[in-house]
Structures are given as C-alpha cells and as structure tokens.
Amino acid sequence: MQPEQNRLAIIFLGALVLIAVGMVLKFAQGVVLPLIIAWLLSFLIGPAINYMTQRKIPTTLAVVFVLIILLGILYLSGTFLYARIEAFAREYPKYQTRFMELAAVLTSRFDLSFDPLAGINWGQNIGRFLYTLSGSIFNFVSKLILVVVFLFFLLLGKPYFKYKIGKSFSEDDATQLSNITNSVTGQIRRYLSFQFLISFATGLCVWFSLLLIGVDFPVTWGALAFFLNFIPTIGSIVASIPPILLAIVQFYPELIPAAITAVAVVSIQMVIGNGIAPKVLGDQLNLSPVVVLLSLLFWGWLWGIAGALMSVPIAASIKIICENIPVLHPISVMMGSGVSYWREAKKRQKVEE
C-alpha cells in the first residue's frame with residue numbers, strides 16, 4: 001500500500017508543480033516571453049558569432065554587429081507589416097459597402113425571413129480590429145528592446161559555454177550535457193531554417209498566384225501566409241480565409257475568379273503544408289502530431305500568437321532533453337511520432353521471416 005501512496009503523492013505533486021509553473025509563466029510573461037524569444041534567436045545567430053570569434057574578431061564587436069543587422073531586418077519587417085495593415089484599413093470602407101450589398105442580395109435571393117447580419121456594424125468592428133492589430137504589432141516591435149538585451153547577454157556567453165560545462169561537471173556528465181545542448185541546438189536550428197524556407201516559399205506562391213488572378217493586396221496576403229505558416233496546422237487555415245473572402249466581395253457577381261482564388265490558395269497550402277513540409281520537417285523533430293497540437297493549444301493559450309509560434313521548438317526541446325535523461329526517456333518515446341520504431345519493427349519482422 002505504501003508504494004501506491006508514494007506513487008499517488010508524486011503524481012499529485014507533479015500536477016501541482018505544473019500548475020504552479022504555468023501560473024508563473026502566465027503572470028511573468030512580460031519577462032519570460034522575451035527571454036524565450038531571445039533563446040530561440042540565439043540558435044540562429046549563434047553560428048555567426050562562433051564563426052566571427054574563430055577569426056579573432058572580439059566577441060562584443062561580433063555580437064553588436066550581428067544585432068545591428070538583426071534590428072535592421074526586424075525594423076523593416078515591422079514597418080512593412082504596419083504599412084500593409086494600414087493600407088487595407090484605409091480601403092476597407094469600399095469593401096464594406098460591397099459586402100453589405102452582397103449580403104442583401106443573398107438575403108433576398110434565399111428569401112430569408114430575418115437578416116443574420118442585421119445590427120452588426122461591420123465597418124466599425126472590423127475597422128477597429130484592424131487598427132488594434134496594427135497597434136499590437138507596433139507594441140510588439142517596441143518590446144523587442146528587452147529581447148535584444150537578453151539576446152546580447154546570451155550571445156556574449158555562447159562561445160565559452162562548452163568550456164564552462166567541462167569545468168563544472170565530471171567528464172561523463174559534461175559529455176552528456178554537451179550532447180543534450182548540441183542536439184537541442186542543432187535540431188531547433190534546422191527546424192527554424194527549414195520552416196523559414198517553407199514559409200517563404202508559401203508566401204511567394206500565394207503572392208504570385210493572387211497577383212495573376214487580380215486579387216487586391218496580393219503582397220499583404222503573401223506576407224500573411226508567410227508569417228502564419230510558422231503556426232502549425234491552424235496558421236495555414238487562418239491565412240487562407242481572408243484572401244478568399246476578399247475575392248468573393250471584390251469580384252461579385254462573378255464567381256469564377258473567387259473560385260479560382262480558393263482553389264489556388266488551398267492547393268498551395270495543401271501541397272506545401274501536407275506534402276513538402278512533413279517530408280522536410282518530419283525527420284528533423286520526430287514529434288507526434290498530438291504533441292504538436294497540444295503544445296500549440298497550451299502555449300497559444302499561455303502567450304497568445306507568440307506562444308503559438310514557439311510551441312513546436314519548445315516541444316522539441318523538451319523531447320530532446322527527456323531523450324538524453326534515462327529516467328525521462330519514456331516521455332521522449334511517447335512524444336515521438338513512432339515512425340522510426342515502426343520501421344524497426346518492420347525490419348525485425350523481415351529478418352525473422
């Protein structure tokens with residue numbers, strides 16, 4: 001009876017610890033979130049710092065130089081997004097008028113006894129949403145100062161981290177910890193790099209297809225597809241809805257351009273999202289789709305859009321850490337996709353036959 005009581009006590013204690021950690025992360029997101037963002041960015045920037053320090057460039061100078069380039073890229077990206085949203089918000093009244101006309105035609109054609117859109121001020125609500133979204137993006141960009149500060153100190157110590165591990169632990173423990181760190185760093189860097197290329201290809205295809213069809217604001221929808229493609233599963237769905245709705249309103253009463261738009265956008269998301277991306281990213285992280293979904297829901301609830309963007313790298317980090325700690329290895333196995341174990345079982349079955 002005693003072992004069962006101990007096991008239950010450990011389970012309840014673990015649940016309480018998880019709840020406490022979740023509450024801390026929720027209320028301290030103003031500090032923790034920039035730190036996590038800086039930690040992920042350090043994976044991408046770290047090789048450039050190591051390359052420069054190996055060529056006798058002072059670490060501080062290398063970090064400052066790389067951060068200036070990063071700030072320039074972020075500033076241009078933020079300015080571009082803000083300008084796109086502002087441009088669409090200015091043109092929205094024109095689309096609002098056409099939308100209300102389309103709603104009136106559909107209501108009369110299907111002889112609806114009531115108008116489900118009546119009493120909704122679409123212009124005011126959606127216009128307020130657009131300006132709030134643009135303000136949120138600007139607020140996010142302004143908070144990057146804290147991210148840059150954290151990133152500066154993380155990058156300063158990155159070239160010397162492996163030497164500190166060697167001095168702090170025994171040879172076996174230092175080797176194990178170095179393997180964990182290198183595995184986390186390598187897999188997350190490859191994931192972010194491949195995800196960037198896939199998202200860029202998705203945005204480019206969406207922009208070019210909408211440009212050929214003649215849908216308004218093709219650059220905006222291409223940029224939206226690029227950024228939302230970093231959010232697993234849900235991002236591609238959300239990115240497909242606005243250009244299709246705009247095409248319906250823009251080309252009405254012609255339905256063929258709107259149908260072509262829907263087919264083009266959905267086909268791009270299906271081919272790249274369900275065809276190319278799993279083949280490229282599947283072997284990189286080896287995460288179960290259920291784990292990806294749960295991680296997306298949890299971190300999205302905890303930190304919003306930023307949490308959804310970082311959900312997969314965080315889940316991959318947890319899996320790699322559990323994989324290299326014997327006690328936690330079963331958790332890593334359950335978090336995996338199971339494809340590699342299925343292949344091993346098939347090979348053993350062929351050998352036995």
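Every number in this text was worked out from the coordinates using simple rules, so none of it is lab data. Fair warning: this is a prediction, and the values are worked out from it, not measured in the lab. Cβ: placed from backbone, ideal geometry, glycine included. Neighbour counts: every protein chain shown.
Can you sort TRP301, TRP221 so the residue with the fewest Cβ neighbours within 10 Å comes first?
TRP301, TRP221
Among the lysines, which fall within straight-line cross-link reach of LYS56, defined as a Cα-Cα distance under 16 Å, with same-chain neighbours fewer than 8 residues apart omitted?
Cα-Cα hits under 16 Å: LYS158.
Using Cα centres only, tell me the gap between segment 229-273 and segment 307-334 in whole Å.
34 Å
Would you mind computing, in nm to one decimal, how far apart the modelled labels at LEU293 and GLN29 are, each placed 7 Å from Cα along Cα→Cβ?
2.3 nm
Neighbouring Cβ atoms within 10 Å as the yardstick, rank TYR191, TYR51 fewest first.
Least crowded to most crowded, the residues run TYR51, TYR191.
How large is the Kirkwood hydrodynamic radius of segment 180-353, in angstrom, based on all distinct alpha carbon pairs? Walk me through the intermediate numbers first.
Values: mean 1/r = 0.0562 Å⁻¹.
Evaluated over segment 180-353, this radius sits at 17.8 Å.
How high is the FRET efficiency from LEU177 to ARG90, r the C-beta distance, R0 56 Å, rounded to 0.05?
Computed FRET efficiency for LEU177 and ARG90 comes out at 0.55.
Kindly put THR79, THR261 in sequence by how many other C-beta atoms sit within 10 Å of each C-beta, fewest to most.
Values: THR79 12, THR261 25.
Taking fewest neighbouring Cβ atoms as first place, the list is THR79, THR261.
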